[in-house]
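The values are calculated or read from the model by the stated rules, or taken from the named source; none is laboratory data. Keep in mind the model is a prediction, meaning the values are calculated, not measured. Reconstructed Cβ throughout: ideal geometry from the backbone, glycine too, with neighbour counts over all protein chains shown.
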Amino acid sequence: MRDWPESVCLSFNLSTRDIAAPEGLERLIALIGASGIAPSRIIFEVTETALMRDLGDARRALASLKALGVRIALDDFGTGYSSLSYLQKLPIDRLKIDRSFVMQLTEDETSLNIVRSILDLCRHLTLHCVVEGVETSEQMLLLRSVGCRSMQGYLFHRPMPAGDIAAFEEAFGRFPAQLPEPDLAEVA
C-alpha cells in the first residue's frame with residue numbers, strides 16, 4: 001500500500017475480538033504505527049454485531065483508533081439491529097448500506113425509500129455513505145438519481161490481488177467515462 005497513490009485507502013473488517021480485547025487493540029495500534037501508512041488512508045469497518053457485545057468497550061476501542069487518524073465505518077447498516085444510538089455514541093465517519101436493499105432496489109419501492117432515507121440521514125449527520133452490492137447499471141443509475149455518490153460492487157470491479165492494483169489504477173482514469181450518465185427523467 002505504501003507504493004499506491006496517496007488517494008487510495010484500504011478498508012479492513014474488525015471483529016468483536018479485535019475491538020473488545022485490549023491486546024487486540026494494542027496490536028492494531030502497533031501495526032498501524034509500524035506500517036508507515038498514513039492512518040487517514042485506513043478505514044476500519046465494524047458491524048453492528050461486533051458492537052452489540054459491549055458498547056462501552058467498543059466506544060473506547062474505536063475512539064482510540066480514531067485518535068490515531070483512521071476512519072471508522074459502520075458496515076452492513078440496515079440489517080441486524082440498526083440502532084441509531086451507534087451513530088450517536090460512536091466515532092463513526094461513514095455508513096455502508098447493506099447490499100440486501102440494493103438487490104431489490106429496482107423492483108421494490110420500499111427498498112429505494114429506505115436507501116434514500118439513510119442517504120438523507122448521512123447528509124444531515126455529515127457522514128460519508130457507501131452503498132454496497134451494486135451489480136447492474138440500472139441499480140447504479142437509480143442510486144445516483146436519489147443522491148448516492150459512493151458505491152461499491154461487482155459493477156465496478158471484482159476483488160483483485162494486490163499485484164494487480166497498479167494496472168487497475170492506471171486504467172481507472174478511463175473507467176468512469178465508460179459509465180453512462182443517468183437520465184434522471186428516465187430513472188425516476
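Only one of Thr49, Thr136 is surrounded by fewer than 18 Cβ atoms within 10 Å (Cβ to Cβ) and over 27 Å from Arg27 (Cβ atoms). Can you tell me which?
Criteria check complete, one pass: Thr136.
Out of all the residues in region 1-55, which are at pLDDT below 90, β-branched (Val, Ile, Thr) and either closer than 20 Å to Pro91 by Cβ or not in a loop (DSSP other than H, G, I, E, B) (or both)?
Thr16, Ile19, Thr47, Thr49
Under the condition of being in contact with a strand residue (DSSP E or B) (Cβ under 9 Å, 6 or more places away or on another chain) and closer than 26 Å to Met52 by Cβ, which residue from region 25-38 is surrounded by the fewest Cβ atoms within 10 Å (Cβ to Cβ)?
Ile32
Working only within region 1-31, note down all residues that are over 26 Å from Asp57 (Cα atoms) and free of Cβ contacts under 8 Å to residues at least 12 places away in the same chain.
Matches in region 1-31: Ser7 only.
Do we find that Ala38 is out of contact with any His (no Cβ under 7 Å at 6 or more places or on another chain) and without any contact (Cβ under 8 Å) to a residue 60 or more places away in the chain in this structure?
yes
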